[in-house]
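Reading through the structure tokens given below for one structure.
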Amino acid sequence: MRNLLRFLYKYYFFLLFLILEVIAVAMGIQYNLYQRARFVSVTENISAFFNESISSFSDYFHLVETNRKLSLENTRLKNQLQRIYRSDDLFFFGEKDTLHRQKYFFTSARVINNSVNRMHNYLTLDKGRAQGIRPEMGVVCPDGIVGITAGVTKNFSSVISLLNTNFHVSAKLKKNDYFGTLSWDGQDYRRALLSDIPYHVPIETGDTVVTSGFSAVFPEGILIGIVEKAEVENGNFYTATIRLTTDFKHLVYVDVISNLEKKEQKKLENYD
């Protein structure tokens, strides 16, 4: 208390000046229309600036939750589309088929580990057997294919990345349906190779490459990448360099694809 009184006594004139200055400014604003308008405008601009800054700061810390919700919503919509639209089911539904012969079911998962700088790259997902994940399921993201599930535990699963020299998938040119084999050569994480496209097939820079559907893992038409260049090898086939649409250094949420008819298809294809 004594220190406070000493402070007030020492700076008495300065504090009195500040009080009188504030009173003068307040009276000027109160009784002068122009000054009042300017003051309101300035305070509103300052308030808007701080509100916008606080809102942006808050939104930044909610990005993870927002992305998670968007991923779940995209997965839900994909499953709805699978249920309500299949070209061969528009008029023919099985009597006991409550899902209208839905073939694929999508499960959202988060990438919790990932590598891109090895010859055999893998990812780890936060979903496993308890969430319906099994080995040999396709994994995709909004930008294209990612890989195939390999090892699965109760709550986690590992994925053989497309960026793995052991990974091969049937792919085709979207414009004419000619198919070949897509693989990674271990070089650039943004590029893969599409081989076995016949020499007589027109292939140009900018052509879109998608999954062919010739497997029980990926549906037909999943985006893979864009043709950058094509060269003839062995005289009869093209080998095309494909720029991948999936950025493997920026994977957060993915969808795991379950083929509900896989067992039946495999049984038929392995029948002797």
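In table form, for the structure just shown:
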item: Residue check, Ser161 within 17 Å of Asn114 (Cβ to Cβ), crowded, with 16+ Cβ neighbours inside 10 Å and either at pLDDT below 95 or touching a Pro at 6+ places or on another chain (Cβ under 7 Å) (or both); result: no
item: Among residues of the range 241-258, those that are surrounded by fewer than 17 Cβ atoms within 10 Å (Cβ to Cβ) and β-branched (Val, Ile, Thr), counted; result: 1
item: Members of the range 234-250 found to be in a strand (DSSP E or B) and not hydrophobic (A, V, I, L, M, F, W, C), listed by number; result: Tyr238, Thr239, Thr241, Arg243
item: Pairs with Cβ under 8 Å, 6+ apart, first in the range 234-245 and farther than 14 Å from Glu204 by Cβ, second assigned to a strand (DSSP E or B) and of a type in the set (S, T, N, Q); result: Phe237/Ser195; Thr239/Ser195
item: Test for Glu231: is it of a type outside the set (Lys, Arg), free of Cβ contacts under 8 Å to residues at least 24 places away in the same chain and not in a loop (DSSP other than H, G, I, E, B); result: yes
item: Boolean, Ala130 is surrounded by fewer than 19 Cβ atoms within 10 Å (Cβ to Cβ), modelled with pLDDT of 90 or more and assigned to a helix (DSSP H, G or I); result: yes
item: Scope the range 99-152; condition over 23 Å from Asn166 (Cβ atoms) and acidic (Asp, Glu); matching residues; result: Asp126
item: Criterion: more than 22 Å from Phe237 (Cβ to Cβ) and in the same structural domain as Lys229 (by TED's automatic domain parsing) - qualifying residue of Tyr189, Tyr104, Tyr122; result: Tyr189
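Yes/no per residue for (1) surrounded by 15 or more Cβ atoms within 10 Å (Cβ to Cβ); (2) more than 26 Å from the chain's Cα centre (by Cα):
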{"site": "Val152", "(1), (2)": "yes, no"}
{"site": "Ile197", "(1), (2)": "yes, yes"}
{"site": "Gly221", "(1), (2)": "no, no"}
{"site": "Gly235", "(1), (2)": "no, yes"}
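The values are calculated or read from the model by the stated rules, or taken from the named source; none is laboratory data. All figures in this text were calculated on a predicted structure; none of them were measured in a lab. Cβ coordinates were reconstructed from backbone atoms using ideal geometry, including for glycine residues, and neighbour counts include every protein chain displayed.
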